[in-house]
Amino acid sequence: MPDRTTASSRGTAAVPAGTAGMSRRAVTRAAAATGLAALFGATATGTAGATTRRAATAAPSVTQLGPRTFDVSLPSAALGRSAPVRLVLPSSFATQPGRTYPVLYLLHGAHDDYTSWTRETDIVAFTEGRELIVAMPDAGPTGIPTAWRSGPNYETFQLTEVPALLARDYRASAVRVVAGVSTGGYGAMAHAARHPGTFAAAASYSGILDTTAPGVPSLMDAIVTRENLAPLSLWGNPILNLLTWRDFNPRARAAGLRGTALYVSSGSGVVGGSGDWLPEALESALWPSAHAFTDTLARLRVPVTTHYYAGGGHSWAYWKREFAASWPMLAGALGVPA
């Protein structure tokens, strides 16, 4: 496929590699996974989360990890438990107490967790001096930030509870952008499409952007099953509960993205790949879904910057590059230097 990227949004900012890590839990699960489930666990790590609902009454607890980096454990009524959010605060946060800041939301992928962006990139150093808040909220072990049919409501957690925390305690403004990898890429586009005007820009790197495309419901089931969860607990049966699946499908809600700056990237994977077949096979499986999504945007005349590249794998080696490419668009929407 040709590269359809618009020249105006291809920047030169870079997020160099960080130190990769793999938890004991990830190693155990990866060893046990087979078939498509193994594909989804091939390049990521994760942490489990309880889904029992109970009242959230406690105050947030905060752990400082570095001069600008904090982990907040946020009691959540939507999840029925406390859930983590990693924050990177602006360089001037302590010295300019009357100032408010725009927020860059970064969403993690399947079988990974809220630490992934600081573990796999140098987002902390990259945002030094750019005067924005970086928020990396939990999305559970599947990384699918949605309202589950039988389970937690990560959509409300990420779109209502986390912004309320940031506005109340961290002087966040109403200016927000969102970007995500894999299932986090799904979340970025689903959030922006289902809640028009919430985000000034949205970016997806190897995201699942048409959840009802042929074969994709099976991939979603594999992600859920990989975490020992019942597939029907997500959105129900993809045929019997088709309306629910469509309601949470970025492609079906694409009209809601009008007026939002958009960036979508995806690789062809095995076709044109280098032979690292596991992550490349997963990238190939998502390629048609991304094209169906951006083709729908084109029919609706909703502008989007796309970067479809030959080969590539479902991994941070490509997502870091794509974040750098999308940064000028995100920075413009945030009103910070590119």
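The values are calculated or read from the model by the stated rules, or taken from the named source; none is laboratory data. Since we're looking at a predicted model, the values are computed, not measured. No Cβ is skipped: glycine too gets one built from the backbone with ideal geometry, and neighbour counts run over all protein chains shown. Just so you know, the surface numbers come from the protein's heavy atoms only, side chains and all, with ligands and any DNA or RNA stripped out. Shrake-Rupley method; radii C 1.70, N 1.55, O 1.52, S 1.80 Å.
Some observations on this one:
- Within region 300-309, one or more residues are modelled with pLDDT under 95 and out of contact with any His (no Cβ under 6 Å at 6 or more places or on another chain).
- Only a single criterion out of (1) open to solvent by less than 10 Å² (accessible area, probe 1.4 Å); (2) aliphatic (A, V, I, L, M); (3) touching a strand residue (DSSP E or B) at 6+ places or on another chain (Cβ under 8 Å); (4) within 20 Å of Gly80 (Cα to Cα) is not satisfied by Ala147, namely (1).
- Restricting attention to region 173-232, the residues that are under 17 Å from Ser266 (Cβ atoms), assigned to a loop (DSSP other than H, G, I, E, B) and hydroxyl-bearing (Ser, Thr, Tyr) add up to 3.
- Matching option when the condition is crowded, with 24+ Cβ neighbours inside 10 Å, among the β-branched types (Val, Ile, Thr) and under 27 Å from Glu120 (Cα atoms), among Val181, Val175: Val181
- Within region 310-338, considering residues that are more than 18 Å from the chain's Cα centre (by Cα) and surrounded by fewer than 17 Cβ atoms within 10 Å (Cβ to Cβ), the one nearest to Thr183 (Cα to Cα): Ala310
- Residue match in region 268-278 (condition: over 18 Å from Phe199 (Cβ atoms), open to solvent by less than 10 Å² (accessible area, probe 1.4 Å) and in contact with a Leu (Cβ under 6 Å, 6 or more places away or on another chain)): no
- Arg149 being part of a loop (DSSP other than H, G, I, E, B), among the charged types (D, E, K, R) and either within 20 Å of Ala193 (Cβ to Cβ) or without any contact (Cβ under 8 Å) to a residue 12 or more places away in the chain (or both): yes
- The strands (runs of 3 or more DSSP E) found wholly in region 62-143 and carrying at least 3 residues that are of a type outside the set (A, V, I, L, M, F, W, C) occupy 69-76, 81-88, 101-107.
- Verdict on Thr225 being hydroxyl-bearing (Ser, Thr, Tyr) and surrounded by fewer than 21 Cβ atoms within 10 Å (Cβ to Cβ): yes
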